[in-house]
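Laboratory data are not the source of any read-out in this text; all were calculated from the coordinates shown. None of the values given here were measured: they were computed from a predicted structure. Note: ideal-geometry Cβ built from the backbone for every residue, glycine included; neighbour counts use all protein chains shown.
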Amino acid sequence: MNKECLSYIRSIYRTIASFEQTLQKQFGLNFNEVMLLIIVSEKINISSSEIATEMGLTPSNASKVIASLEKRKLIVRHACKEDLRCMKFSISKSGEEMLAQIDCDHVELPEPLFRLIHSMMTATI
């Protein structure tokens with residue numbers, strides 16, 4: 001791996017960090033919290049282990065993100081009907097309202113990230 005490649009990766013990392021700061025400023029949520037909201041909105045009654053798998057996080061890290069969104073009442077926890085020891089999660093009305101505000105038309109993307117996403121989206125069409 002050459003220096004130019006590493007510099008490019010560093011630039012991507014910084015651009016994504018800048019995007020996450022924008023999310024934090026606009027909505028008070030970090031990237032993992034937004035991703036968890038999206039997952040829970042798409043998969044009703046999802047377990048914490050399923051959330052961890054979907055997000056590529058350890059169960060411990062997923063639990064932290066879940067707790068953060070529960071505290072803000074953006075998701076709700078309820079017992080699984082089949083096994084009361086099992087907890088399932090769904091998006092709350094407040095979570096749906098928050099998620100409705102978070103889309104690419106309302107979140108300013110840094111120009112390099114916009115170009116990267118645009119090129120990836122047109123490549124898959």
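For the chain, just run the numbers: alpha carbon Rg, then divide by 2.2 N^0.38 Å, N being how many residues it has.
Output field value: 1.22.
Based on the alpha carbons, how large is the Rg to Rh ratio for segment 15-59 when Rh follows Kirkwood?
Working: Rg = 11.7 Å, Rh = 11.3 Å.
Reported Rg/Rh, Kirkwood definition of Rh: 1.04.
Using the alpha-carbon atoms, what tilt in degrees (0 to 90, nearest 10) does helix 59-71 show relative to the longest principal axis of the chain?
The answer is roughly 70 degrees.
Arrange the following residues from fewest to most other Cβ atoms within 10 Å of their Cβ: E42, E82, E20.
Numbers: E42 10, E82 7, E20 15.
Final ranking by Cβ density, sparse to dense: E82, E42, E20.
Evaluated at 20 °C with a viscosity of 1.002 mPa s, what Stokes-Einstein diffusion coefficient in µm²/s does segment 30-92 have when Rh comes from the Kirkwood expression over alpha-carbon pairs?
Values: Rh = 11.4 Å.
Estimated via Stokes-Einstein, D reaches 189 µm²/s.
Helix 3-27 sits at what angle to the longest principal axis of the chain, using alpha carbons and giving 0 to 90 degrees rounded to 10?
Tilt relative to the chain: about 50 degrees.
Can you give the angle from 0 to 90° between the axis of helix 31-42 and the longest principal axis of the chain, with both taken from C-alpha atoms, to the nearest 10?
50 degrees
Give me M120, M87, M98 ranked fewest to most by other Cβ atoms within 10 Å of their Cβ, as a rough exposure proxy. Intermediate results must be reported in sequence, preceding the final value.
Details: M120 9, M87 14, M98 20.
Lowest to highest Cβ neighbour count: M120, M87, M98.
Using the per-residue mean of other Cβ atoms lying within 10 Å as a proxy for protection, in what order, highest first, do the peptides 30-40, 9-19 fall? Numbers along the way, then the final one.
Working: 30-40: 19.7, 9-19: 13.1.
Order by mean packing, descending: 30-40, 9-19.
Count the lysine pairs in the chain that are 8 or more places apart or on different chains: how many have C-alpha atoms under 22 angstrom apart?
Pairs that pass both the separation and distance tests number 19.
With each label point set 7 Å from Cα along the Cα-Cβ vector, what nm distance links A100 and E20?
Modelled inter-label distance: 2.9 nm.
Loop-only check: which trypsin sites (Lys or Arg not before Pro) in segment 42-105 are DSSP coil with at most 10 other Cβ within 10 angstrom?
Sparse-neighbourhood loop trypsin sites (Lys or Arg not before Pro): K81, R85.
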